[in-house]
There are 4 protein chains.
Amino acid sequence: MVTSLPRSKTKKQAAGPAAAARKKPTLNIAMVGHAFMGRAHSNAMRQVNHFFDLPFEVVPKVVVGRNLERVEAAREQFGFEEASVDLDAVLARQDIDVVDVATPNDTHGPISMQALRADKHVMCEKPLAMSLKEAKAMAALAAKGDRKVGLWHNYRRSPAASLAQRMIARGDIGKVRTVRAVYLQDWLASADAGWSWRNTKAVCGSGAHGDLNAHLIDMTRFLTGLEFVEVCGAMETFTKKRKDGAGKSRPVDVDDALLFLARFSNGALGSFEGTRVAPGRKNHNRIEVSGEKGSIVWNLERMNELEVFTYEGAEDARGFRTIMCMDGPHPYAANWWPDGHIIGYEHTFVHTLADFVAMLKGKKVFHPNFDDGVAVQAVLDASLKAAETRRWVKVPG
Amino acid sequence: MVTSLPRSKTKKQAAGPAAAARKKPTLNIAMVGHAFMGRAHSNAMRQVNHFFDLPFEVVPKVVVGRNLERVEAAREQFGFEEASVDLDAVLARQDIDVVDVATPNDTHGPISMQALRADKHVMCEKPLAMSLKEAKAMAALAAKGDRKVGLWHNYRRSPAASLAQRMIARGDIGKVRTVRAVYLQDWLASADAGWSWRNTKAVCGSGAHGDLNAHLIDMTRFLTGLEFVEVCGAMETFTKKRKDGAGKSRPVDVDDALLFLARFSNGALGSFEGTRVAPGRKNHNRIEVSGEKGSIVWNLERMNELEVFTYEGAEDARGFRTIMCMDGPHPYAANWWPDGHIIGYEHTFVHTLADFVAMLKGKKVFHPNFDDGVAVQAVLDASLKAAETRRWVKVPG
Amino acid sequence: MVTSLPRSKTKKQAAGPAAAARKKPTLNIAMVGHAFMGRAHSNAMRQVNHFFDLPFEVVPKVVVGRNLERVEAAREQFGFEEASVDLDAVLARQDIDVVDVATPNDTHGPISMQALRADKHVMCEKPLAMSLKEAKAMAALAAKGDRKVGLWHNYRRSPAASLAQRMIARGDIGKVRTVRAVYLQDWLASADAGWSWRNTKAVCGSGAHGDLNAHLIDMTRFLTGLEFVEVCGAMETFTKKRKDGAGKSRPVDVDDALLFLARFSNGALGSFEGTRVAPGRKNHNRIEVSGEKGSIVWNLERMNELEVFTYEGAEDARGFRTIMCMDGPHPYAANWWPDGHIIGYEHTFVHTLADFVAMLKGKKVFHPNFDDGVAVQAVLDASLKAAETRRWVKVPG
Amino acid sequence: MVTSLPRSKTKKQAAGPAAAARKKPTLNIAMVGHAFMGRAHSNAMRQVNHFFDLPFEVVPKVVVGRNLERVEAAREQFGFEEASVDLDAVLARQDIDVVDVATPNDTHGPISMQALRADKHVMCEKPLAMSLKEAKAMAALAAKGDRKVGLWHNYRRSPAASLAQRMIARGDIGKVRTVRAVYLQDWLASADAGWSWRNTKAVCGSGAHGDLNAHLIDMTRFLTGLEFVEVCGAMETFTKKRKDGAGKSRPVDVDDALLFLARFSNGALGSFEGTRVAPGRKNHNRIEVSGEKGSIVWNLERMNELEVFTYEGAEDARGFRTIMCMDGPHPYAANWWPDGHIIGYEHTFVHTLADFVAMLKGKKVFHPNFDDGVAVQAVLDASLKAAETRRWVKVPG
């Protein structure tokens, strides 16, 4: 059953001759899932055309879920035209251009592949899959067709990360030698924090690892352009049981923290830590990259600022610079507000969608895509295995 | 002439029985002006219902300007239903509930008053007026009727400012004694920066003073709850001539920087500086308030973080805390993203609009309103006069 | 084989042929006063030859006070050879080369002048004098003779301040336009903090002003090379009575906080605040200087770090740099520890003494000297008068 | 009246009746080695009695080296009474109480043991030994006698580290769960940096590892009170050849960077990195410890500041506090300057010596001692072996 809302005279349709010249083809998106990530994705859909000049007008067309009442509430809240509980029917529609997979982790694979088979472009929430095998199957399927695929590793497009990648790519810090990356949160620091599906291996695959280290791995690949070659690691679950909503004690079978070391394709070394038990760290995703000629520090909580050191200029005037990245020459800055007016978490989704939509015309490959997802999954799997088996594990190439 | 776009089946109208139960009355906004501030205001109008549970559904109904083509482009870009170049006609409409004044400074007064006389609620961009006399006339007019009025002093509702105000109001830092406030930018540091209307007294009244010190004054009143009693100051125009777009040298008759000292109603002292010639400072709006029992530091460029010192706790463990303000217990945090996921400049407008809309029902007075605008204008006038006359000037009460 | 060197009166005397070549003339210092500042001065005397290659060997010869037992304890503690309560006799001695005035403020003038008349070099603790008149008399007396005089405005020679001055002098930030300087402490924030001579105008002349603003004024002159032309200000005593050691309530007749604005010789503007009632600020002496081409920020509590902004380099890579100033090319760094090993408060006295001693040979003029003290006093007097009379006051040239 | 005290061999000897009461026994120190570390050690010897009230008067008695001319120059520079090239003779003297071993790494063991056999107290520069076997032999020898032994792991007694240890020991952050520790320098980042003995395994045992990770290991044991149980790691030499002073290319057979993971006695996890090739990091020794109830961050370059988070106080007022550690209630603060006046690198040696000297009377055990050195060496060895063999290695208990 579908709450079908025939899209009315959208503003461009009614705008008359002047607007006609500007009239763009629509890009209808069906979003599957409508929890937290759906909130961020749908925001990007509503906002992107107001701030980016794109070849399409993005339309949040239909939101798909399981429970009609909740889907309908999501439709209202998130600004979709229609709500549906029939995914098959939605995928069968000719007017749906893109499927956005915003469901829990264990359905990313099946839904993405179903959408690809239905000849839709696909944007998938991270992690791409529950296993490397599944991820590879997804990437293989995507490679067969001409549909574009993307992963919502949105932090890549935070202001400072985009700038950092540009700088490293143009050689500002030289060849990369060491990476130190941590993603620290504290919402499970207290033994009183409740049990949830996020504490269950069957649903999540892992704990802090898949949730947080996945970001570090993707960002490190993005920033440095390097591949992980081998890893070793250790993990711990500090609180072994937690109470669920009903007050029942439930076992926790995923990691609270997982640390690993890595060697990269060019011989560089890195250390990584994902933890949910670091008091005071709310969303402390910080990556420091040292190269031959300089260093950069990126920090999600201060995503508008980048710290950079190089040996340029007078010898007595060197130091880490704090660059306010929402300034004229910086990536995406011109699309938003005047110099020095910061943006936030949700904007990274808008940037991701804008770039994805811009690439739907032409042959450019969007990143991060399913191949990137495979690469991340390979490192996640290898480092989890390394932690479990207490030995170095090669990352499959 | 109006490009009237009959609003089509809005989503709620077509949502059927389930949605009907949730159906809210619309609140139609006419926005006058569509330059930079219009961009921020309209964003708030589009976003507010997606993140706040309000008694009305806000509708960006009509955008009003002078040049039809540009107004129409703004309508498209900002997501209004209609575009118009006939303000009188728009004000005459019964279906317009709120007029948002987003025009250049010199028309804030006339348009706001015209809107009030047309029985509309009014949200006015700051500064309220070009002179204290005009500001008072506006406030007097507002006081006569029952229409609600507000000023877009949006920084009040940045995460850290809202928290700071809550803390000071509940006594965390005790009675306020000293305030140090600076708003530093650098876009006029270079003598090569071009001339614009912002360098002309006839249009702006003043330079950095009205633009930047207005924010400091409003924020100081908001944070401390104190009134300015008397001021002295000094100003300077470091670059006396600049070239306009045509390469013609034009005189600059407004201040590049204006510094002033103030004495407050409770005997506290403060220093203030607005400047556009501080290299490296993009949008450095920083206010430090010291009280009897503690201190707070607010900084727009890190608006998600508040620094606070109190004498609480173990004597050897005291220090300025950096509070990540997008966390569970903080103002507005629950409306956005998970803990530690930051928001940006535009959200302060969403907060402002959300609070204004929430207050349209009931008798609560919204702040900042025209009375607050009068108070800010009184301090601006007094400090400009103080700088011009080189003496202490009482701020009219 | 042992080179056994029985410790003689001074190590160099017994060093034999090899040492003889290195043998330096001694420079005997008599230090008058032995409270807190004496502790810092004497440390500099003991340390300076171990870290600086100077034309003299500095000898902490005699410490002079009023109470024999306490002077003797100071001699022991501070490492002087002799203790004395007879200043006249000490000044009459031929073997005393330098008199260091480390007494309370009200005797700086008389003792310095007495020492000059006795043909001694003089290093005087700041403030130079209790009044501008006295300061000028001191400077005039110093100018008549050939004895070198210096003021212990030691912060000038903190690592970051020395570097900042070098940078500004060589034009890194261009012509100075604005200065914002605060010296914030909190030891009088509590009304329970006890009364002391520091709360008495008769002894100190003023409160936070003479104590803290004196530093800001000297540092601003040092960093910028500019002179203060006129000032206006305001001051407040928030706690009007405090209890002395005996529990007796005593009036406080000096300022807790004094803020002033200044105009400089080149048209630049500045704001200044000295306060002892800013909770959480222990020794927060921070000066930000903005020029045409850049800005610097100096902060005593992080005196090993300088923040600098310039427009050099790639446009997208600009930001305030944090320079670790104890590194190869920085002032004084080579005299201490390896790169990145910080120094502290007391080292600024060692640097001051080292430079003073180095200049005793030759005709170079040491700064800060009594003329600098006069300049500081002139600004202190003018700003205190401005605060008292509530008007702008010219700083006598 | 003058208390004229002709300077005698030691000031206390001539101080007369009053001083006699204060007269303390001397503690004569023989320092072996006089390069960089000798500079820091001797400074501590000269300074310690001026700032700490100790049961002994510390006398820098004799400095011992190999080259007479250079030893003599060191004697002069560092303030020793005597210079010697005959270690045996010095150790045979009855008047030598303490032997300070400040030689290159490969002689720490032999000289320390020789000194112990000569019945001297021993302070040894870190690292304790070249191998775990040697370290254990040293500790065993020390355990046999009643002489006190200490290691110059001076960072333990930096202001913030001392405070951090106090806080963790009293339970402020609860049971420790994760540690992230890095010691980053950049003096070998450039391939042009010259070859030295520090690049030779035969002399140093390892590169960044023994030099920098040794500090991290000691500090982690000190701060947390935990023991390392097992480790795995990876290392890299990025520049394989460097030119020596004569321009000859020499192989580099030690690590530029070594990273390792560790599991601790209580199940906690940690990551560690020592590198000399991190551009912009001069002496960036930073350790973050997360416990059940809070976190602390210590940073050598800002050793006067400690960052601490706990869940105490109002829920909306929590954040990492930056504690200025040179304040009334903090360790060692009262021995130096007023609140907020910072100290530096060399003071950590003064603190170490002060505590060592204070413990020479009584039965208290000084830390860090040779047992601590053994523990550090065990972790260094294990992590080097882990990096070489690419597997987890147990740390011998």
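The values are calculated or read from the model by the stated rules, or taken from the named source; none is laboratory data. No experiment lies behind these values; they were computed from the predicted model shown. Methodologically, a virtual Cβ is constructed for each residue, glycine included, from the backbone with ideal geometry; neighbour enumeration extends over all protein chains shown.
Figures for the structure shown
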quantity: Some residue of segment A:347-370 being surrounded by fewer than 23 Cβ atoms within 10 Å (Cβ to Cβ), among the aromatic types (Phe, Trp, Tyr) and more than 17 Å from the chain's Cα centre (by Cα); calculated: no
quantity: Test for residue D:214: is it touching a residue at least 12 places away in the same chain (Cβ under 8 Å), part of a strand (DSSP E or B) and within 18 Å of residue D:275 (Cβ to Cβ); calculated: no
quantity: Any chance residue C:262 is out of contact with any helix residue (DSSP H, G or I) (no Cβ under 7 Å at 6 or more places or on another chain) and within 9 Å of another protein chain (Cβ to nearest Cβ); calculated: yes
quantity: Qualifying residues in segment B:132-190 (those that are basic (Lys, Arg) and out of contact with any helix residue (DSSP H, G or I) (no Cβ under 8 Å at 6 or more places or on another chain)) - the one nearest to residue A:327 (Cα to Cα); calculated: B:180
quantity: Filtered residue count, segment D:225-259, keeping only those that are in a loop (DSSP other than H, G, I, E, B) and either in contact with a Gly (Cβ under 7 Å, 6 or more places away or on another chain) or exposed (fewer than 14 other Cβ atoms within 10 Å of the Cβ) (or both); calculated: 9
quantity: Yes/no for residue A:107 being of a type in the set (S, T, N, Q) and touching a strand residue (DSSP E or B) at 6+ places or on another chain (Cβ under 6 Å); calculated: no
quantity: Filtered residue count, segment A:108-134, keeping only those that are more than 29 Å from residue A:303 (Cβ to Cβ) and not aliphatic (A, V, I, L, M); calculated: 9
quantity: From B:379, B:357, residue being assigned to a helix (DSSP H, G or I) and not assigned by TED's automatic domain parsing to the domain that holds residue B:215; calculated: B:357
quantity: Residue count, segment A:135-169 (criterion: over 21 Å from residue A:303 (Cβ atoms) and either without any contact (Cβ under 8 Å) to a residue 40 or more places away in the chain or among the aliphatic types (A, V, I, L, M) (or both)); calculated: 13
quantity: Single unsatisfied condition, residue C:363 versus (1) in contact (Cβ under 8 Å) with a residue 24 or more places away in the chain; (2) more than 11 Å from every other protein chain (Cβ to nearest Cβ); calculated: (1)
quantity: Residue count, segment B:53-98 (criterion: of a type in the set (A, V, I, L, M, F, W, C), buried (at least 23 other Cβ atoms within 10 Å of the Cβ) and not in a helix (DSSP H, G or I)); calculated: 7
quantity: Among residues of segment B:108-124, those that are crowded, with 24+ Cβ neighbours inside 10 Å and in contact with a Ser or Thr (Cβ under 9 Å, 6 or more places away or on another chain), counted; calculated: 3
quantity: Enumeration of residues in segment A:131-149 that are within 20 Å of residue A:363 (Cβ to Cβ), hydrophobic (A, V, I, L, M, F, W, C) and in a helix (DSSP H, G or I); calculated: A:139, A:140, A:141, A:142, A:143
quantity: Residue within segment A:133-143 that is buried (at least 23 other Cβ atoms within 10 Å of the Cβ) and of a type outside the set (Gly, Ala, Ser) present; calculated: yes
quantity: Test: residue in segment B:169-191 that is surrounded by 24 or more Cβ atoms within 10 Å (Cβ to Cβ), on the phi < 0 side of the Ramachandran plot and part of a helix (DSSP H, G or I); calculated: no
quantity: Residue ID - farthest from the other protein chains (Cβ to nearest Cβ), chosen from residues in segment B:192-215 that are modelled with pLDDT of 90 or more and surrounded by fewer than 19 Cβ atoms within 10 Å (Cβ to Cβ); calculated: B:194
quantity: Per-region count, segment B:11-52, residues part of a loop (DSSP other than H, G, I, E, B), more than 17 Å from the chain's Cα centre (by Cα) and either crowded, with 22+ Cβ neighbours inside 10 Å or at pLDDT 95 or above (or both); calculated: 2
quantity: Residue satisfying condition, being under 30 Å from residue D:308 (Cβ atoms) and of a type outside the set (A, V, I, L, M, F, W, C), within set B:249, B:265, B:295, B:271; calculated: B:295
quantity: Filtered residue count, segment B:64-79, keeping only those that are at the interface with another protein chain (Cβ under 10 Å from one of its Cβ atoms) and either farther than 16 Å from residue A:57 by Cα or in contact (Cβ under 8 Å) with a residue 60 or more places away in the chain (or both); calculated: 4
quantity: Of the criteria (1) within 14 Å of chain C (Cβ to nearest Cβ); (2) hydrophobic (A, V, I, L, M, F, W, C); (3) over 23 Å from the mean Cα position of the chain (by Cα), which one residue D:278 fails; calculated: (3)
quantity: Filtered residues of segment C:299-341 (kept if free of Cβ contacts under 8 Å to residues at least 60 places away in the same chain, within 11 Å of chain D (Cβ to nearest Cβ) and in a loop (DSSP other than H, G, I, E, B)); calculated: C:327, C:328, C:337, C:338, C:339, C:340, C:341
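Results for (1) at pLDDT 95 or above; (2) surrounded by fewer than 23 Cβ atoms within 10 Å (Cβ to Cβ); (3) over 24 Å from the mean Cα position of the chain (by Cα), shown as yes or no for each residue.
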residue: C:268; (1), (2), (3): yes, no, yes
residue: C:272; (1), (2), (3): yes, no, no
residue: C:292; (1), (2), (3): yes, yes, yes
residue: C:313; (1), (2), (3): no, yes, yes
residue: C:322; (1), (2), (3): yes, yes, yes
residue: C:336; (1), (2), (3): yes, yes, no
